[in-house]
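See below for the structure under consideration.
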Amino acid sequence: MADNPEFYRARAEEERRNGDAASLDNVRDRCRRAEKAWDDMANRAERTQTLRAAREAAPGGERMANTTMIPAE
């Protein structure tokens with residue numbers, strides 16, 4: 001499960017459905033916050049996978065000395 005964007009996206013979708021079905025404003029708001037948190041985790045996991053793949057693809061599999069961080073959205 002760790003760093004699995006698909007898992008995080010599925011949880012976000014579940015919270016989206018829960019929010020859509022909620023009749024109470026506070027429950028709907030909580031679901032929207034949870035949805036955003038899961039989406040943020042999925043985005044971070046995807047960035048991590050991209051950076052890891054770039055690092056592993058570097059010549060000789062060496063670690064890149066000057067890694068540019070991708071800013072969080």
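For the range 7-35, filtered to residues that are among the small types (Gly, Ala, Ser) and in contact with a helix residue (DSSP H, G or I) (Cβ under 6 Å, 6 or more places away or on another chain), the residue that is surrounded by the fewest Cβ atoms within 10 Å (Cβ to Cβ) is ALA22.
Residues in the range 22-41 include at least one that is farther than 19 Å from ASP3 by Cβ, modelled with pLDDT of 95 or more, touching a Cys at 6+ places or on another chain (Cβ under 8 Å) and not in a helix (DSSP H, G or I).
The values are calculated or read from the model by the stated rules, or taken from the named source; none is laboratory data. Nothing here was measured: the structure is a model prediction, and the numbers come from that model. Reconstructed Cβ throughout: ideal geometry from the backbone, glycine too, with neighbour counts over all protein chains shown.
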